[in-house]
Structure formats: C-alpha cells, structure tokens
1. Is there a residue being touching a residue at least 40 places away in the same chain (Cβ under 8 Å), under 14 Å from the mean Cα position of the chain (by Cα) and assigned to a loop (DSSP other than H, G, I, E, B) anywhere in region 98-116?
2. I'm trying to understand the selection: among the residues of region 64-85, which are touching an Asp or Glu at 6+ places or on another chain (Cβ under 7 Å) and not hydroxyl-bearing (Ser, Thr, Tyr)?
3. Take region 50-74 and flag every residue that is under 25 Å from ARG92 (Cα atoms) and open to solvent by 80 Å² or more (accessible area, probe 1.4 Å).
4. Could you list, in sequence order, the residues of region 14-49 that are open to solvent by 90 Å² or more (accessible area, probe 1.4 Å), free of Cβ contacts under 8 Å to residues at least 12 places away in the same chain, assigned to a loop (DSSP other than H, G, I, E, B) and of a type outside the set (D, E, K, R)?
Amino acid sequence: AFHAETKSNKILEAWCKGIIGEKIYINVTDKKTESNRPLKRREIKANLDRLAEDINRIAPTKIVALGKTASTALTLLHLEFLEMPHPSGRNRVCNDKEYMVEKIKGLIAYCSECTQQVQLSAEHSLLKDQVPYCKDRKVDL
C-alpha cells in the first residue's frame with residue numbers, strides 16, 4: 001500500500017502514463033503490518049472475502065497485481081490478472097531496465113488490448129512519463 005506522495009506512486013504513474021481508463025487501487029488488507037513486512041499467506045487468506053467483495057462491487061475490466069502479495073491473493077480468488085512488480089523504490093527488479101521495458105510493454109498491451117507488438121525505442125526513459133496509450137492498435141515510442 002502506498003499514498004499519492006510516495007515514490008512508489010510516482011513510479012506507478014509513470015508506468016501507466018497515457019493508459020486510458022479509470023484506475024482504482026485496492027489493497028489486499030486495509031491494515032498495516034509492522035515494519036511494512038509482506039503479508040503471510042494466512043493473512044492473505046483472512047482478507048479474501050473482503051477483497052472479493054470489493055472487486056465484485058467495482059467490476060473491473062482488467063486487473064493488474066502489483067507485487068507478490070496481490071498476485072497470491074488474486075490467484076487464490078481464481079481471477080485473471082497481469083502481474084507487475086511492486087513499484088517500491090526498494091524493489092531491485094525495478095532497476096533492471098530491460099526487464100521493466102518488457103513488463104511495461106506488457107502492461108500497455110494488456111490494458112489497451114493491443115494486438116500488435118508493442119515497441120519501445122532506445123531513447124525511452126521508463127520514469128520520465130513517456131509511456132503511451134495504445135492508439136490505432138499500435139504503440140510506438
């Protein structure tokens with residue numbers, strides 16, 4: 001979980017820049033853990049009913065899981081989703097530019113339902129608000 005002022009939110013906004021549609025964020029739990037540790041599997045299971053109710057109420061067309069905790073919860077609910085790494089500044093996988101280019105291309109295609117291959121140019125900077133939306137079924141940067 002993170003708030004609008006955090007680095008995590010800024011990273012997420014850069015990933016989603018230009019993706020058209022309403023974005024709603026739901027946490028697996030509404031409680032903080034000590035030292036912001038990940039939820040244990042039993043804690044995830046204890047929150048599944050509320051999470052399922054929230055998802056059913058919102059009725060999203062697409063679901064993106066940010067991190068392993070969200071992915072585990074959505075898997076336990078047998079829902080289709082796209083898994084992205086959690087955009088935490090402490091998540092080292094986010095420092096792997098090649099990996100993140102592929103993940104962002106997948107995010108764009110998934111959210112925009114692109115049928116053509118998504119391409120990012122060599123000049124693309126992942127954190128400079130340059131992730132486009134899918135226009136005319138093609139994404140070029």
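1. Checking region 98-116: not a single residue is touching a residue at least 40 places away in the same chain (Cβ under 8 Å), under 14 Å from the mean Cα position of the chain (by Cα) and assigned to a loop (DSSP other than H, G, I, E, B).
2. So in region 64-85, the residues touching an Asp or Glu at 6+ places or on another chain (Cβ under 7 Å) come out as 65, 71.
Of everything in region 64-85, just one residue is touching an Asp or Glu at 6+ places or on another chain (Cβ under 7 Å) and not hydroxyl-bearing (Ser, Thr, Tyr), namely ALA65.
3. Start the filter on region 50-74 by keeping residues that are under 25 Å from ARG92 (Cα atoms), which leaves 63-74.
If the condition is that a residue be under 25 Å from ARG92 (Cα atoms) and open to solvent by 80 Å² or more (accessible area, probe 1.4 Å), then LYS68 is the only one that fits.
4. Hit for region 14-49 is TYR25, nothing else.
The values are calculated or read from the model by the stated rules, or taken from the named source; none is laboratory data. Because the structure is a prediction, the values reported are computed rather than measured. Glycine gets a Cβ as well: all are built from the backbone with ideal geometry, and neighbour counts include every protein chain shown. All accessible areas refer to the heavy atoms of the entire protein, side chains included, with ligands and DNA or RNA removed. Shrake-Rupley method; radii C 1.70, N 1.55, O 1.52, S 1.80 Å.
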